[in-house]
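Novice: Starting off with a structure, shown below.
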Amino acid sequence: MMNEFPPSHPLWETAKSLDAKDPLRKFRQEFMIADPDEIYLNGNSLGRLPVRTVQRLERIIREQWGVWLIRGWDRDWLKLLSRVADKLAVIIGAHPGEVLLADSTSVNLYKLAIACLNIQRGKKVVITDELNFPSDLYILRAAVQQAQGNWRLQILSSEDGNTLPLEKIEKAITPEVGLVALSHVCFRSGFLHDISRLSEVIHQHGAMLLVDVSHSAGVVPLRLHDWKVDLAVGCTYKFLNGGPGSPAFLYVREDLAPLLDNPIPGWLGHENPFRFDLEYRPARGIGRFRVGTPPVLAMAAVEPALDLLLEAGQENAYHKAKGLTEFFLSLYDAFLRPRGFGLATPREPDRRGAQISLIHPEAWPISRAARDRKVVLDFRPPNLLRMGFAPLYNSYQELARAVEIFCQIVDSQSYRQYPEGVDGIP
Ligand SMILES: *Cc1c(COP(=O)(O)O)cnc(C)c1O
């Protein structure tokens with residue numbers, strides 16, 4: 001007999017009391033919740049809309065774009081850019097002046113990877129792993145071809161497809177390695193690399209470290225500067241709630257910026273763009289990684305979202321993210337494991353981000369059935385159900401409700417009415 005999840009089950013009480021004690025409980029109302037019955041577990045793909053972002057954008061469009069026009073740059077927009085960067089610096093553990101918002105994550109990765117390889121003279125190898133995001137792999141492959149020198153990319157394989165022990169990276173690092181480029185939290189399984197230890201190991205061998213923090217910023221403690229991370233990139237539309245296609249960011253440790261050349265030297269990366277010199281001279285600091293005119297409206301949308309996170313308190317956000325994944329694992333053990341679900345995410349709290357990925361051979365139709373029952377999550381081929389838990393707006397009771405719905409879908413086999421896509425891919 002399968003474990004039932006009736007309303008009398010003690011885990012409902014646990015969920016209730018965890019919510020009641022949650023210091024971040026009141027932040028949910030800061031977000032637009034169009035349908036209170038919908039359980040949104042996709043905050044790791046696109047975060048919810050903060051209510052204050054709506055007011056902010058309305059104002060900036062009407063009063064600033066509409067009235068200020070070109071004067072906007074001097075009145076606030078230039079200040080806005082550095083204000084947002086400084087707030088983000090707090091969140092990722094960087095010093096002021098080490099962070100720039102610009103372009104997309106992919107473009108920033110390209111700029112930093114090429115810049116890094118061009119100063120790592122005499123080295124030959126770039127290391128990454130197969131847990132990395134596809135775009136990152138495509139770009140690193142291009143970077144080894146396009147950078148000066150004779151580079152090749154070594155992609156470390158993961159034995160279980162979900163994790164990669166530090167020792168494996170350590171073993172691969174030879175004096176020929178110039179750059180190790182990894183995702184902090186891996187998008188499929190939620191596995192988290194120990195960046196602080198990696199940084200030590202990598203630097204002992206004269207290599208540089210480039211970390212993609214797209215899936216960790218805002219939900220996992222980040223101390224990029226103290227960990228001596230050389231370079232980092234990330235996006236602001238996932239757990240940072242900056243909105244669809246919001247500007248990405250890059251981090252360059254302050255001592256490195258003057259040594260690195262942007263391979264896309266645009267006019268706004270110039271030391272003095274408004275002199276309109278015909279010769280390019282890079283800005284002294286991280287500003288040299290700016291290319292063209294930043295998207296002011298999109299940038300303005302990021303600020304209130306970061307404010308919310310800073311008001312909530314970083315430690316509170318990490319603690320809640322951990323609490324949510326931990327609680328989900330107790331639900332998993334009680335109800336989902338007995339129903340044939342596997343777990344791709346590590347059980348040790350320090351080895352995962354704010355994410356749980358379940359393995360099930362029918363993951364695709366189950367994800368469709370779940371969406372029809374208002375549980376919004378990701379399917380990742382071939383067999384993963386991926387859920388992100390956003391500490392500012394997800395609740396413990398939502399997780400219990402989601403698991404109750406998974407049980408009903410599996411027990412009733414209602415997922416069988418969803419047609420298979422080609423190769424299980426929608
Ligand atoms: C989401 C994500 C990206 C997205 O890249 P964009 O260029 O901003 O679309 C890149 N890398 C990782 C690891 C991601 O999780």
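Novice: For the Cα atoms of the chain, what angle does the longest principal axis make with the long axis of helix 396-412, in degrees from 0 to 90, nearest 10?
Specialist: Rounded to the nearest ten degrees, it is 60.
Novice: Under 5 Å between amide hydrogens, which residues at least 5 positions from ASN42 or on another chain qualify, with H placed 1.01 Å from N in the peptide plane?
Specialist: Here the answer is GLY388, since their amide H atoms fall under 5 Å of that of ASN42.
Novice: Of all the C-alpha pairs in the range 18-80, what % are more than 19 Å from each other?
Specialist: Details: 1029 of 1953 pairs.
Within the range 18-80, distances greater than 19 Å cover 53 percent of Cα pairs.
Novice: Over the range 216-362, how many percent of alpha carbon pairs lie in each 10 Å bin up to the one with the longest distance?
Specialist: In whole percents, the pair-distance histogram is 10, 26, 29, 19, 10, 4, 1.
Novice: Right, here's the next one. Please report the projected area of the range 174-247's Cα convex hull averaged over all directions, in nm².
Specialist: 5.3
Novice: Which cross-chain or sequence-distant (5 or more) residues have an amide H under 5 Å from the amide H of MET208, H modelled 1.01 Å from N in plane?
Specialist: Those lying under 5 Å, H to H, from MET208 are LEU179, VAL180.
Novice: Per residue and in Å³, how big is the convex hull formed by the alpha-carbon atoms of the range 219-300? List each step's numbers first, then the result.
Specialist: Details: hull volume 8.6 nm³, N = 82.
Taking the convex hull of the Cα positions in the range 219-300, it is 105 Å³ per residue.
Novice: Between GLN29 and GLU200, what FRET efficiency follows from the Cβ-Cβ distance if R0 is 41 Å, with the result rounded to 0.05? Each step should come with its number before you reach the end.
Specialist: On the way: r = 43 Å, r/R0 = 1.04.
Taking R0 as 41 Å, the efficiency between GLN29 and GLU200 is 0.45.
Novice: Let me ask another. What is the set of long-range amide H partners of GLY234 at a cut-off below 5 Å, with H atoms built 1.01 Å from backbone N?
Specialist: Amide H neighbours of GLY234, under 5 Å, 5+ apart: VAL213, PHE249.
Novice: Moving on to the next point. What do the square roots of 5 times the Cα gyration tensor eigenvalues come to for the range 55-129, in whole Å, largest first, as semi-axes of the equivalent ellipsoid? Intermediate values should be presented prior to the final figure.
Specialist: Details: eigenvalues 253, 38, 28 Å².
The equivalent ellipsoid of the range 55-129 has semi-axes of 36, 14, 12 Å.
Novice: In degrees, nearest 10, range 0 to 90: what is the angle between the Cα axis of helix 296-312 and the longest Cα principal axis of the chain?
Specialist: 60
Novice: Next question. On the full set of protein chains, 1.4 Å probe, figure out the accessible area of TYR280 and give it in Å² to the nearest 10.
Specialist: Counting only protein heavy atoms, the figure is 80 Å².
Novice: Cα-Cα over 27 Å: which of LYS87/LYS123; LYS16/LYS374; LYS87/LYS111; LYS26/LYS79; LYS79/LYS322? Don't jump to the answer; show the numbers that get you there.
Specialist: On the way: LYS87/LYS123 36 Å; LYS16/LYS374 20 Å; LYS87/LYS111 23 Å; LYS26/LYS79 30 Å; LYS79/LYS322 35 Å.
From LYS87/LYS123; LYS16/LYS374; LYS87/LYS111; LYS26/LYS79; LYS79/LYS322, over 27 Å: LYS87/LYS123; LYS26/LYS79; LYS79/LYS322.
Novice: What do you get when you divide the Cα radius of gyration of the range 128-286 by 2.2 N^0.38 Å, with N the number of residues? Don't skip to the end; give the middle numbers.
Specialist: Details: Rg = 16.7 Å, N = 159, 2.2 N^0.38 = 15.1 Å.
Against the compact-globule rule of thumb, the ratio is 1.11.
Novice: Quick one: in the range 1-121, what % of C-alpha pairs are over 24 Å apart?
Specialist: On the way: 4230 of 7260 pairs.
Result: 58 percent of Cα pairs exceed 24 Å.
Novice: Quickly estimate the mean residue ellipticity at 222 nm for the chain, helices only: each DSSP H run with n ≥ 4 gives -39500 (n - 2.57), and the total goes over all residues, rounded to 500.
Specialist: Working: 11 runs with 143 residues, N = 426.
Estimated from H runs of four or more residues: -10500 deg cm²/dmol.
Novice: Another question, if that's okay. Could you run the Karplus curve 6.51 cos²θ - 1.76 cosθ + 1.60 with θ = phi - 60° over the range 148-159 and give me ³J(HN,Hα) per residue in whole Hz, x for Gly and Pro?
Specialist: 5, x, 10, 9, 9, 9, 10, 9, 6, 9, 9, 5
Novice: Still on this structure: With +1 assigned to the C-beta of every Lys and Arg and -1 to the C-beta of every Asp and Glu, and no other charges, what is the dipole magnitude of the chain about the Cα centre in debye, to the nearest 20? Intermediate values should be presented prior to the final figure.
Specialist: Values: 49 positive and 50 negative charges, 124 e Å.
It comes to approximately 600 debye.
Novice: A follow-up question, please. If the convex hull of the alpha-carbon atoms of the range 91-154 is projected onto planes in all directions, what is the mean projected area in square nanometres?
Specialist: On the way: hull surface 21.0 nm².
Mean projected area of the Cα convex hull: 5.3 nm².
Novice: Now for a different question. Pick from LEU156, LEU69, LEU81: which is most flexible by mean-square fluctuation in a GNM of the chain where alpha carbon atoms under 10 Å apart are linked?
Specialist: LEU69
Novice: Within the range 263-291, find all residues whose amide N lies under 17 Å from a label point positioned 7 Å from the Cα of GLN148 along Cα-to-beta-carbon.
Specialist: Label zone hits: 263-265, 280-282.
Novice: With θ set to phi - 60° and the Karplus curve 6.51 cos²θ - 1.76 cosθ + 1.60, what are the ³J(HN,Hα) couplings of the range 244-257 in order, to the nearest whole Hz, using x for Gly and Pro?
Specialist: Once θ is set to phi - 60°, the couplings for the range 244-257 become x, x, 4, x, 8, 9, 9, 10, 10, 4, 4, 6, 8, 3 Hz.
Novice: While we're here: Cα-based Rg of the chain per 2.2 N^0.38 Å, rounded to two decimals? Display every interim value, and only then the final one.
Specialist: Details: Rg = 22.5 Å, N = 426, 2.2 N^0.38 = 22.0 Å.
That ratio works out to 1.02.
Novice: Then there's this: How much length is gained if the chain between ARG351 and ARG337 is pulled fully straight, taking 0.36 nm per residue apart and subtracting their Cα-Cα distance, in nm to one decimal? Don't jump to the answer; show the numbers that get you there.
Specialist: Working: separation 14, 0.36 × 14 = 5.04 nm, distance 2.03 nm.
That pair, ARG351 and ARG337, stretches by 3.0 nm at full extension.
Novice: Label GLN413 and ASP226 with points 7 Å out from Cα along Cα→Cβ: what is the distance between them in nm?
Specialist: Modelled inter-label distance: 5.5 nm.
Novice: Next up: Using a 1.4 Å probe over the heavy atoms of the protein chains, calculate the carbon and sulfur portion of the accessible area of the chain as a whole percent. Mind showing how you got there, number by number?
Specialist: Details: 9910 of 18420 Å².
Solvent-exposed carbon and sulfur of the chain make up 54 percent of the total.
Novice: Roughly what angle does helix 134-146 make with the longest principal axis of the chain, taking Cα atoms, 0 to 90 degrees, to the nearest 10?
Specialist: Once rounded, the angle reads 20 degrees.
Novice: Using 7 Å Cα-to-Cβ label points, what is the ASP261/PHE276 separation (nm, one decimal)?
Specialist: 2.6
Novice: Also, I was wondering about something else. Once phi is turned into θ = phi - 60°, what whole-Hz ³J(HN,Hα) does the Karplus curve with 6.51, -1.76 and 1.60 give for every residue of the range 366-375, x standing for Gly and Pro?
Specialist: With the stated coefficients, the range 366-375 comes to 5, 5, 5, 4, 5, 4, 5, 9, 6, 10 Hz.
Novice: Mind telling me which of ALA305, ALA20, ALA369 comes out most flexible in a GNM of the chain, alpha-carbon contacts under 10 Å?
Specialist: Its mean-square fluctuation being the largest, the pick is ALA20.
Novice: For MET387, MET2, MET32, give me the order by solvent-accessible area with a 1.4 Å probe, most accessible first, ignoring ligands, DNA and RNA.
Specialist: The ranking, largest first, comes out as MET32, MET2, MET387.
Novice: Next question, about the same structure. Explain nothing, just the number: relative contact order of the range 91-149, from Cα pairs under 8 Å at least 6 residues apart, as a whole percent.
Specialist: This gives 46 percent for the range 91-149.
Novice: If I stretch the segment between SER104 and ARG83 completely, what's the gain in nm (0.36 nm per residue apart, minus their alpha carbon distance), one decimal? Let's see the in-between values first.
Specialist: Numbers: separation 21, 0.36 × 21 = 7.56 nm, distance 1.90 nm.
Computed gain between SER104 and ARG83 is 5.7 nm.
Novice: Extending each Cα 7 Å along its Cβ direction at THR293 and ASP74, get the distance between those two points in nm, one decimal.
Specialist: Inter-label distance under the simple model: 1.7 nm.
Novice: Moving on to the next point. Expected output is a single nm value to one decimal: the length gained when fully extending between ASP37 and LEU310, i.e. 0.36 nm times separation in residues minus the C-alpha distance. What is it?
Specialist: Value of the extension gain: 95.5 nm.
Novice: Now for a separate question. Go ahead and set up a Gaussian network model of the chain, Cα springs under 10 Å, then flag whichever of LEU309, LEU49, LEU78 fluctuates most.
Specialist: Comparing LEU309, LEU49, LEU78 in the GNM, the peak value goes to LEU78.
Novice: Provide the per residue accessible area, probe 1.4 Å, for the chain, rounded to a whole number of square angstrom.
Specialist: Details: 18420 Å² over 426 residues.
Here the residues of the chain average 43 Å² of exposed surface.
The values are calculated or read from the model by the stated rules, or taken from the named source; none is laboratory data. It should be emphasised that the depicted structure is a prediction, and the values quoted were computed from it without experimental measurement. Positions of Cβ are generated from backbone atoms using ideal geometry, with glycine treated the same way; all protein chains shown enter the neighbour counts. Please note that ligands, DNA and RNA were not included when accessible areas were found on the heavy atoms of the full protein model with its side chains. Shrake-Rupley method; radii C 1.70, N 1.55, O 1.52, S 1.80 Å.
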